[in-house]
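The values are calculated or read from the model by the stated rules, or taken from the named source; none is laboratory data. Everything quoted here is computed from the prediction, not taken from an experiment. With ideal geometry, Cβ positions are generated from the backbone for all residues, glycine too; neighbour counts draw on all protein chains shown. All accessible areas refer to the heavy atoms of the entire protein, side chains included, with ligands and DNA or RNA removed. Shrake-Rupley method; radii C 1.70, N 1.55, O 1.52, S 1.80 Å.
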Amino acid sequence: MKPPLRVTADRDICVGAGMCALTAPEVFDQDEDGLVTVLVTEPDDDAGAAAALEAGSLCPSGAVRIIE
């Protein structure tokens, strides 16, 4: 069994594009200012982990970080 991913986000560099929340809504949301909010720091299923990885690759500012 693979160890869980660790999901983090740097709100200081987030530009509010929303790709994370659109790609992995079970892992990410946006606050009232449009900045990323991490809902789940360790996705516990393959689908959530895959979505988090994709969201990390799509983030235009690099605010979303996925640690494997």
Original post:
Once the other residues with Cβ under 10 Å from the Cβ of R11 are scored (Lys, Arg +1; Asp, Glu -1), what is the net sum?
Top reply: -4
Subject >> Local electrostatic count, V38, Cβ distance below 12 Å [Lys/Arg +1, Asp/Glu -1] >> reply: -2
**OP:** Averaging sequence separations of C-alpha pairs under 8 Å and six or more residues apart, then dividing by the length of the range 1-47, give the relative contact order as a whole percent.
**Re:** 42 percent
Subject >> Sorted peptide list for 57-64, 16-23, criterion being average Cβ within 10 angstrom, highest first >> reply: 16-23, 57-64
Original post:
So for the pair E54, T8, with labels modelled 7 Å out along Cα→Cβ, what separation do we get in nm?
Top reply: 2.5 nm
Original post:
For a paramagnetic label modelled at 7 Å from the Cα of E26 toward its Cβ, which residues of the range 38-64 fall within the zone defined by backbone nitrogen distances under 17 Å?
Top reply: 38-56
Original post:
Label-point separation (nm) for D33 and S61, each offset 7 Å from Cα along Cα-to-Cβ?
Top reply: 0.9 nm
**OP:** Compute the acute angle (0 to 90°) between the alpha-carbon long axis of helix 46-58 and the principal axis of greatest extent of the alpha-carbon atoms of the chain; round to the nearest 10°.
**Re:** 40 degrees
Subject >> Sum of -39500 (n - 2.57) over DSSP H runs of 4+, divided by residues of the chain (222 nm, nearest 500) >> reply: -7500 deg cm²/dmol
Original post:
Quick one: accessible area per residue over the chain, 1.4 Å probe, rounded to a whole number of Å²?
Top reply: 62 Å²
